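The values are calculated or read from the model by the stated rules, or taken from the named source; none is laboratory data. On a predicted model such as this, the values are computed, not experimentally measured, just so you know. Ideal geometry is used to build each Cβ from the backbone, glycine not excepted, and the neighbour counts take in all protein chains shown.
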Amino acid sequence: MSSRVFRPRLASSLLLLVPMLFGCGGKDDNKAAEDTNGEAVADNAPPSTNQAPASATNPNVAPLTTADIERWDKGMAGELKAIEEAGAKIKNARSGEDTLTAMMGVQEMATMDAGAQAAGLELQRYKFVRSNLSAVVQYLTPSQGGIDTTLLSQAQRDEMRQGNETQIQRMQQDVPADVVEALKPRAVELRKKDLELVGARLKGAGMQ
């Protein structure tokens, strides 16, 4: 009698023990599978998409420094010399073809190489420096080669000044505040040189 009672109890105990054993094994297997899958995901993960900004990888478009002001000044002198040389060739041209070739020499794209060489910069960097500094000095000196501010009311002058300051602030990624401050004392001088280049081009091409 006692043996018959013992066997069912033993069987019941074994039945309870089996799922526990398989349950434990299942957890370990799942964990191992997760670890394996985790390693697979890590191995197959795409490379990081965090890339350095353009200014960090391309020195031609790096933010300007105060030293670039003097480089631009030298570059404008180099371009002016190139224009004058091209203008002399126009005067001495003996054929229509010679005249046309010489006239092309006064164009902006033709003188930038001379400007870059005088500035001691790569051509693309010189273009970047030239474009940004020219824009900033124009905003700093609206009365130079532009609107006669004496004809404006005080409210209009204030509005223009605020608008120009806003434009300069938008450019601060390329032209930092310290460069703008360094430009201010020379803004009128540099703006006049910039305009002189425009006039020299027109004169060299016979349009003035």
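Here the helices (runs of 4 or more DSSP H) wholly within the stretch 109-193 that include at least 1 residues being under 18 Å from Asp73 (Cα atoms) and assigned by TED's automatic domain parsing to the domain that holds Lys81 are 123-140, 177-183.
Residues that are surrounded by 12 or more Cβ atoms within 10 Å (Cβ to Cβ) and without any contact (Cβ under 8 Å) to a residue 40 or more places away in the chain were ranked within the stretch 170-197; the one that is farthest from Glu108 (Cα to Cα) is Gln172. Residue check: is Val136 of a type in the set (A, V, I, L, M) and within 21 Å of the chain's Cα centre (by Cα)? Yes: the conditions hold for Val136.
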